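The values are calculated or read from the model by the stated rules, or taken from the named source; none is laboratory data. The structure displayed is predicted, hence computed values, not measured ones. Don't worry about glycine lacking a Cβ; one is built from the backbone with ideal geometry, like all the others, and counts go over all protein chains shown. Side chains included, ligands, DNA and RNA excluded: accessible areas come from the protein's heavy atoms. Shrake-Rupley method; radii C 1.70, N 1.55, O 1.52, S 1.80 Å.
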Amino acid sequence: MKSAAIIGGTSHPELLRLISQRLGIKPCEVSLKRFSNGETSVEIHDSVRDKDVFVLQSGSSTVNDSLMELLIIINACKGGSARRITAVMPYFPYSKQSKMRKYRDAITARMVANLLTVAGVDHIITLDLHASQMQGFFTRPVDNLYAEPNIAEWIRRNVEDWQEAVVVSKSPGGAKRVTSMADTLGLEFALCNTDRSRRSHFPRTMDESIMEEQRVTNRHPDHPRIHTSKYLLGHIVDDEEVVGTPASNVSEDCQLENTYSQGGCPSDDEEEEKIMSASIFTERMITLVGDVRGKTTLLMDDMIENPTTFIIAAEHLVKRCGAKRVIVMGSHGIFQNNCLRDLENCNYIEQIVVTNTYPIKPQSLAQSTKLALIDISGVLAEAIRRTHNGESISFLFKKAH
């Protein structure tokens with residue numbers, strides 16, 4: 001790869017180091033500065049003339065600064081007569097804003113795609129887009145890689161009873177994701193759904209939940225098992241339990257998290273928008289379709305951003321559905337605010353597993369006892385190598401690296 005060059009922004013220096021080591025390429029020296037007025041300045045010290053340049057920049061907690069850095073670096077490489085410029089974006093920023101949910105909403109993900117094109121990008125490599133149809137936003141080739149092979153390999157090596165586990169989606173919107181993982185591992189899958197209270201009675205205890213399930217199973221032996229619970233303020237509650245927590249007693253972090261997720265497990269982006277606008281004191285219910293009793297459950301989503309939905313689902317799986325344990329898994333560990341701390345404090349979650357596509361603070365890694373990181377640098381490095389050599393990357397869709 002003598003004619004290749006790799007440049008990294010400030011969003012994820014550790015991932016840049018790992019990829020460079022695998023490729024055997026020293027990253028180009030770049031000066032990234034910010035003036036006193038907040039503007040970003042980029043100066044590339046190595047020549048990129050007639051080179052195949054790969055610019056690594058992932059989303060980060062300072063997403064707007066990271067995106068602006070990426071655009072300026074791409075434009076600087078274009079001005080430096082680079083032969084081809086490839087943006088390597090492990091986590092694509094603004095990927096959740098890929099469609100209009102209301103009138104006058106902006107499709108921000110498409111705008112980001114347009115900005116990359118105008119800046120001068122020739123090719124994009126990313127991983128586990130929130131919505132795969134986003135590839136249609138680009139007028140340049142896009143390779144959307146998958147973390148599934150690496151996650152599946154981690155499960156085989158680290159979960160002792162994985163052959164008996166169940167892959168669970170916390171919302172119907174993730175059904176395609178969990179069924180794909182279940183097919184890869186040869187496991188059963190189950191789905192969770194949340195909605196407004198539609199029944200006057202909920203099972204008060206685990207025993208009542210089992211008895212109700214048996215009655216349903218006897219009436220409909222061919223139907224999947226269904227478990228339903230009521231939740232309020234982000235936790236499963238019994239039917240007779242009255243929660244009288246005033247708004248003034250709710251922590252600022254709880255209010256902020258529930259502003260986003262409202263203690264619900266959205267089935268898709270539209271449902272999530274409804275939950276965001278609801279009151280945190282609104283009584284809702286969660287339903288599991290599937291059988292997890294006595295089994296390890298792999299609770300999966302593409303990103304782990306807020307804790308409330310995962311905590312509710314984990315409580316329901318263990319308290320009402322009889323799951324043996326819950327392992328929360330995701331491709332992108334964004335962990336907004338105190339998300340990681342709250343997941344750590346949940347007694348119903350045994351482990352949290354994410355890839356290293358998104359930068360996580362070193363102190364959070366050091367303090368965490370449940371977090372496990374899957375190194376994805378091998379997949380990205382191999383994609384870069386194959387792209388540079390003009391080889392097919394479809395091999396990466398099914399094999400871990």
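Things worth noting here:
- Leading residue by the ranking (least open to solvent (accessible area, probe 1.4 Å)) among those in the range 77-97 that are over 20 Å from Val53 (Cα atoms) and in contact with a Ser or Thr (Cβ under 8 Å, 6 or more places away or on another chain): Pro93
- Qualifying residue in the range 39-53 (condition: modelled with pLDDT of 95 or more, open to solvent by less than 40 Å² (accessible area, probe 1.4 Å), in contact with a Leu (Cβ under 9 Å, 6 or more places away or on another chain) and at negative phi): no
- Residue within the range 62-77 that is acidic (Asp, Glu), free of Cβ contacts under 8 Å to residues at least 24 places away in the same chain and farther than 14 Å from Val142 by Cα present: no
- For the range 64-76, the tally of residues that are open to solvent by 10 Å² or more (accessible area, probe 1.4 Å) and either of a type outside the set (A, V, I, L, M) or at pLDDT below 95 (or both) stands at 3.
- Scanning the range 102-117 for residues that are open to solvent by 70 Å² or more (accessible area, probe 1.4 Å) and charged (D, E, K, R) turns up Lys102, Arg104, Arg110.
- Taking the criterion of being open to solvent by 70 Å² or more (accessible area, probe 1.4 Å) and free of Cβ contacts under 8 Å to residues at least 12 places away in the same chain, the only residue of the range 118-143 that qualifies is Val118.
- Qualifying residue in the range 124-132 (condition: out of contact with any helix residue (DSSP H, G or I) (no Cβ under 6 Å at 6 or more places or on another chain), farther than 30 Å from Lys370 by Cβ and modelled with pLDDT of 95 or more): yes
- In the range 309-401, counting only helices (runs of 4 or more DSSP H) that sit wholly within it, the ones holding 2 or more residues that are touching a residue at least 60 places away in the same chain (Cβ under 8 Å) and crowded, with 22+ Cβ neighbours inside 10 Å span 377-389.
- Residue match in the range 144-160 (condition: assigned to a helix (DSSP H, G or I), of a type in the set (Val, Ile, Thr), under 30 Å from Lys295 (Cα atoms) and in contact with a helix residue (DSSP H, G or I) (Cβ under 6 Å, 6 or more places away or on another chain)): yes
- Whichever residue in the range 5-38 is among the hydrophobic types (A, V, I, L, M, F, W, C) and open to solvent by 10 Å² or more (accessible area, probe 1.4 Å) and, among such residues, is farthest from Asp128 (Cα to Cα): Phe35
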